[in-house]
Amino acid sequence: MDLVAKYQGVVGRVFGNENSGSSEDSYVERLLDRINNGVLAEDRRAAMLEFQSIVSESRAGQMAFGAMGFPVILSVLKEERDDVEMVRGALETLVSALTPIDYAKGPANEVQPTLMNSDLLSREVDNISLLLSLLSEEDFYVRYYTLQLLTALLTNSPQRLQEAILSIPRGITRLMDMLMDREVIRNEALLLLTYLTREAEEIQKIVVFEGAFEKIFSIIKEEGGSEGGVVVQDCLELLNNLLRNSASNQVLLRETMSFDQLLSILKLRGTTYRFTEQKTINLLSVLETINLLIMGGPETDPGRDSNKLTNKTVLVQKRVLDHLFMVGVESQWAPVPVRCTALHCIGDLIANHPKNLEELASKRLGEEPDLEPALNSVLRILLRTSSKQEFMAADSLFKNFCQQNPDGQTMLASTLILQPQSMIHAPVEEDINMSFGSMLLHGLTTGENEGDLETCSRAASVLSHVIKGNNQCKEKVLKIELEAPTPTLGGPEPLLHRMVKYLALASSMKSKDGKSSTSENVFVQPIILKLLIIWLSDCPNAVQCFLDSRPHLTYFLELVSNPTTTVSVRGLAAVLLGECVIYNKSNASGRDAFSIVDAISQKVGLTSYFLKFDEMQKSSLFTSAKPSLPRKPLTRSTAASIAEIEDGGNESSDQKNEHPMLTSVFDSPFVYFLKRLEADIREKIVEAYSSPKSQVTVVPAELEQRSGENDVDYIKRLKTFVDKQCHEIQDLLSRNATLAEDLAKTGGNNSSPLERKVSGGSDRVQLETMRRDLQEASQRIEMLKAEKTKAESEASTYKNLAGKTESDLKSLSDAYNSLEQANFQLEKQVKALKSGDIEALKEEAREEALKESEVELNDLLVCLGQEQSKVDKLSNRLRELGEDVDKLLEDIGDDVGADEEDEED
């Protein structure tokens, strides 16, 4: 009632009447009075029509409806079912009251009448039950307006409407029956059900139980499949709502209807090069359905993994790959979002599924006799497409194919055969006759000739998937040698060296329009660096090949210190140098792990070097790298914007400042791999500084004189041994001093690009300083130990005191209990006195008093006798001293008498 009173106050101000209680002559009230109390049916219908017009055209009318109109309109719906025109008018008025008016927006805190009216209508379950009962009316418009009203109510108050419908018997059944009604009614009911099933799991179960799958596919077939209009989109959205968070519904669809009808929607009909916006949205919706089946249900569902595996198996058995390759690969007229989504679906279908991996590996596309492996076709798209999103989708497919699939990696690596010199410079269009590996190598080596390394970086990304975690493939690729561009440049060049060369060219090469390509192709260097890092990981031969060219080490030391490069490039270069330390098995001077560490320390400085790791891990690319999140549901509000995406539109909001291809490089597995690698690098470098080079092996036998060795030779050998030990000790001191200097600078100027090598005298000073600091630290530790002992002693004293206090409290408690018992005995005696013979007690008390008085009298006589004896003794003593005792006694008697008289006065 307070809410209604508030509405009435607002209405009064809107209509210019502050006293809404005295507005009997207002226009709205007169209309409502005519509707409620009119005699003529035509007059009441005209008043209803007029009232509906006011509510639909003004916010003030909607406010007035909320304040005064509900009882009248609901009364019409309840009591006048026979008057179809009045019921129509009442429903249409309710729809108008819940539909926002597209006028200029007012203040943010302005009352929204549509929300108020929705709140009032949905507050009572009986109102919702009344509306659902209207769906059984024969009149077309009554059912139509009722569905519109429920949809508007669901938009404004979804939670209440869902709860109300669930509490009403056969509520969902009545809505499902509307799907078999006339087309307009069916479409409204379909839209209402899509809204109802978005979050309500209970409603989803009931809808499926009522045969939703059969009805959905029947409507889609009737509307023409993917060529249909927005009704097909609504059907697929409803289907996706039912499958998204329910593995049981997915199992029911698979076992009752199979996936045949679903896959038939993917089949392109008519002219395959005509893709309207609605057809694009429909295809994206059915691809979303396939993706939901691939996911298998919500992560919290215990049967998700088994359901996912079964769905993948059945989908591939139903030839879903044929449809996906047709949409995503063979039909190049398809819009970019459709092609990308199809490629992602293929990648998800084969991930961690051995049978599906084999199916894809043997898949061939095209027509006889020009069939080619499907992976070749995907690689061609990856190398040629102008869409960054399409490249990332194809790259994701290869990543899923190679992940935990060593046989597949070996199969792809076996095709890496270099083409003749004549084919290296052949146009890219002639790659139709190349094997997968030859096409990949062709893409790796054509970038330099065309003046653009983007194609090379894309091929490098695929190669990184082929060799990742597979040492056999790494060794095979390591043996590939490229012919020199011109005979004058010497012999063949290893592929690894060519990739380092492209890495250096990427920072200086110009794009085709003559501008610097560093801003456009900011992803080229990270992708090549990722390939090199994966290649060198746990592969000593690759490290050795990398270090065979001395300029490589120099270039990477400069790259780590170069302030003009990005944080990610410097960090990745630092990681690669670290791999040259931890995976280095060489003993050659200048190429072993100790030499690499020395070079890093001298040219970069350990503090600056380790800082590159920290900077990279704090960058947005590292912090935003997360496991792939589920795609957002495709709804009417989001479908149009997604369908219009051509390139670069799928970036998430937290990565919008980064190039989308960089986010694909720094995916979650690679970031985790780098973090583990960094820990190993730090540990290995510390180990290198904590132990000397193995220049001398200390064996006790070498310190003894050998048989047949004379004293002079023995002394010379010992002198040589001592000299070597001294050199090694000096080397160790130098290392420790340098490390101490780097650690001391950690809290100081970390931005210094290069650090000078300290002299031998400085080394000793630094070493002595460290020793003094160590002694001071030891003394401080001893002081802390003494303080700890003292604190423990005090704690023990306090503990004993606490025990004593507890004992005292216990004694007090015992004493208190004794007093309580004595008090109880006294109270018992008092009760006995009250209930016994009073006179007997008095007599007994008199006898006890007489006895006590006699005892006291005897005691008093004894005392008087004792006092008299004392007086006699004193009298005799006074007589001996010559005093007159009688006179003294008389004076005492007078004094006593005078005192008694004074007291009486």
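The values are calculated or read from the model by the stated rules, or taken from the named source; none is laboratory data. All values derive from a computational prediction rather than experimental measurement. Ideal geometry is used to build each Cβ from the backbone, glycine not excepted, and the neighbour counts take in all protein chains shown. These area figures cover heavy atoms from the full protein model, side chains too; ligands, DNA and RNA do not enter into them. Shrake-Rupley method; radii C 1.70, N 1.55, O 1.52, S 1.80 Å.
May I ask you to say which residue of Ala5, Ala47 is in a helix (DSSP H, G or I), open to solvent by 10 Å² or more (accessible area, probe 1.4 Å), of a type in the set (Gly, Ala, Ser) and at pLDDT below 90? Steps first, please.
On the way: Ala47 fails: open to solvent by 10 Å² or more (accessible area, probe 1.4 Å).
Answer to the check: Ala5.
All but one of (1) modelled with pLDDT of 95 or more; (2) closer than 29 Å to Glu227 by Cβ hold for Phe398; which doesn't?
With respect to (1) modelled with pLDDT of 95 or more; (2) closer than 29 Å to Glu227 by Cβ, Phe398 is out only on (2).
Any idea how many residues of region 216-252 are assigned to a loop (DSSP other than H, G, I, E, B) and farther than 17 Å from Asp301 by Cβ? Walk me through it before giving the result.
At the first step, the residues of region 216-252 found to be assigned to a loop (DSSP other than H, G, I, E, B) are 224, 228-229, 245-246.
In the following step, the residues that additionally are farther than 17 Å from Asp301 by Cβ were identified as 224, 228-229.
Total satisfying the criteria: 3.
Taking the options Lys221, Lys279, Lys308, name whichever one is basic (Lys, Arg), closer than 21 Å to Leu193 by Cα and either open to solvent by 30 Å² or more (accessible area, probe 1.4 Å) or more than 33 Å from the chain's Cα centre (by Cα) (or both). If you could, list the steps in order and put the result at the bottom.
On the way: Lys279 fails: closer than 21 Å to Leu193 by Cα; Lys308 fails: closer than 21 Å to Leu193 by Cα.
On inspection, the qualifying residue turns out to be Lys221.
Among the candidates Arg174, Arg182, Arg254, Arg198, single out the residue that is among the basic types (Lys, Arg), closer than 24 Å to Ile294 by Cα and open to solvent by 60 Å² or more (accessible area, probe 1.4 Å).
None of the others qualify; the one that does is Arg198.
For region 282-291, which residues satisfy the criterion of being of a type in the set (A, V, I, L, M, F, W, C) and open to solvent by less than 10 Å² (accessible area, probe 1.4 Å)?
Taking region 282-291 first, the residues of a type in the set (A, V, I, L, M, F, W, C) are 283-284, 286-287, 290.
Of everything in region 282-291, those that are of a type in the set (A, V, I, L, M, F, W, C) and open to solvent by less than 10 Å² (accessible area, probe 1.4 Å) turn out to be Leu283, Val286, Leu287, Ile290.
Got a sec? Which of Lys831, Lys851 is surrounded by 10 or more Cβ atoms within 10 Å (Cβ to Cβ) and at pLDDT below 75?
Details: Lys851 fails: at pLDDT below 75.
Answer to the check: Lys831.
Of everything in region 203-218, what is polar (S, T, N, Q) and crowded, with 22+ Cβ neighbours inside 10 Å? Give them in sequence order. Step through it out loud before you land on a result.
First, pick out the residues of region 203-218 that are polar (S, T, N, Q): 204, 218.
Matches in region 203-218: Gln204 only.
Is it the case, given these coordinates, that Val543 is more than 27 Å from Met661 (Cβ to Cβ), crowded, with 18+ Cβ neighbours inside 10 Å and of a type outside the set (Phe, Trp, Tyr)?
Numbers: more than 27 Å from Met661 (Cβ to Cβ): yes; crowded, with 18+ Cβ neighbours inside 10 Å: yes; of a type outside the set (Phe, Trp, Tyr): yes.
Here the answer is yes, as Val543 does meet what is asked.
Kindly check whether there is at least one residue in region 335-352 that is farther than 30 Å from Arg274 by Cα and either among the acidic types (Asp, Glu) or open to solvent by 10 Å² or more (accessible area, probe 1.4 Å) (or both). Steps first, please.
Taking region 335-352 as the starting set, the residues that turn out to be farther than 30 Å from Arg274 by Cα are 351-352.
Cutting the leftovers down to either among the acidic types (Asp, Glu) or open to solvent by 10 Å² or more (accessible area, probe 1.4 Å) (or both) gives us 351-352.
Within region 335-352, one or more residues are farther than 30 Å from Arg274 by Cα and either among the acidic types (Asp, Glu) or open to solvent by 10 Å² or more (accessible area, probe 1.4 Å) (or both).
Scan region 465-479 and report the pairs whose first residue is of a type in the set (Asp, Glu) and whose second residue is open to solvent by less than 60 Å² (accessible area, probe 1.4 Å), with Cβ atoms within less than 9 Å and a gap of 6+ or a chain change.
Glu475/Cys539; Glu475/Ala542
Among the residues of region 184-201, which ones are over 17 Å from Thr146 (Cβ atoms) and at pLDDT 90 or above? Lay out the reasoning, then the answer.
Looking only at region 184-201, we keep the residues that are over 17 Å from Thr146 (Cβ atoms), and these are 194, 197-201.
Passing the criteria: Thr194, Thr197.
Which residues, taken from region 33-44, are within 25 Å of Glu137 (Cα to Cα) and buried (at least 18 other Cβ atoms within 10 Å of the Cβ)?
Within region 33-44, Ile35, Arg44 meet the criteria.
Pairs please, first residue from region 144-156 and of a type in the set (Lys, Arg), second anywhere and at pLDDT 95 or above and open to solvent by less than 40 Å² (accessible area, probe 1.4 Å), Cβ atoms under 8 Å, 6+ apart in sequence or on different chains.
Pairs that qualify, where the first residue is of a type in the set (Lys, Arg) and the partner is at pLDDT 95 or above and open to solvent by less than 40 Å² (accessible area, probe 1.4 Å): there are none.
With the requirement that a residue be closer than 13 Å to Leu315 by Cβ and more than 27 Å from the chain's Cα centre (by Cα), what does region 346-359 give you?
Hits for region 346-359 are Lys355, Asn356, Glu359.
Could you pull out the residue among Cys580, Cys545 that is touching a residue at least 40 places away in the same chain (Cβ under 8 Å) and in contact with a Leu (Cβ under 6 Å, 6 or more places away or on another chain)?
Working: Cys580 fails: in contact with a Leu (Cβ under 6 Å, 6 or more places away or on another chain).
That would be Cys545, the only listed residue that is touching a residue at least 40 places away in the same chain (Cβ under 8 Å) and in contact with a Leu (Cβ under 6 Å, 6 or more places away or on another chain).
Enumerate the helices (runs of 4 or more DSSP H) found wholly within region 520-619, keeping only those where 3 or more residues are under 21 Å from Val686 (Cα atoms).
Numbers: elements: 524-536, 540-547, 550-561, 567-582, 593-603, 606-618.
Answer list for region 520-619: 550-561, 567-582, 593-603, 606-618.
For the structure I just gave you, tell me whether Gln317 is out of contact with any Ser or Thr (no Cβ under 9 Å at 6 or more places or on another chain) and over 17 Å from Asn356 (Cα atoms).
Values: out of contact with any Ser or Thr (no Cβ under 9 Å at 6 or more places or on another chain): yes; over 17 Å from Asn356 (Cα atoms): no.
Here the answer is no, as Gln317 does not meet what is asked.
Going by what's in this entry, would Gln112 be described as within 30 Å of Ala164 (Cα to Cα) and modelled with pLDDT under 85? Outline the logic, then answer.
Values: within 30 Å of Ala164 (Cα to Cα): yes; modelled with pLDDT under 85: yes.
Answer is yes for this residue.
Any idea which of (1) touching a helix residue (DSSP H, G or I) at 6+ places or on another chain (Cβ under 6 Å); (2) within 28 Å of Lys399 (Cβ to Cβ) is the one Met257 doesn't satisfy?
(2)
Among the residues of region 255-282, count how many are in a helix (DSSP H, G or I) and within 21 Å of Ala342 (Cα to Cα). Working first, answer last.
The first filter runs over region 255-282 and keeps only residues in a helix (DSSP H, G or I), leaving 255-256, 260-266, 277-282.
Checking which are within 21 Å of Ala342 (Cα to Cα) leaves us with 260-266, 277-282.
The number of residues fulfilling the criteria is 13.
If I filter region 197-214 for residues that are under 35 Å from the mean Cα position of the chain (by Cα) and within 26 Å of Thr276 (Cβ to Cβ), do I get at least one hit? Lay out the reasoning, then the answer.
Restricting attention to region 197-214, the residues satisfying the condition of being under 35 Å from the mean Cα position of the chain (by Cα) are 197-209, 212-213.
From the residues that got through so far, the ones that are within 26 Å of Thr276 (Cβ to Cβ) too are none.
Within region 197-214 (the criterion being under 35 Å from the mean Cα position of the chain (by Cα) and within 26 Å of Thr276 (Cβ to Cβ)), the answer is no, since none of the residues qualifies.
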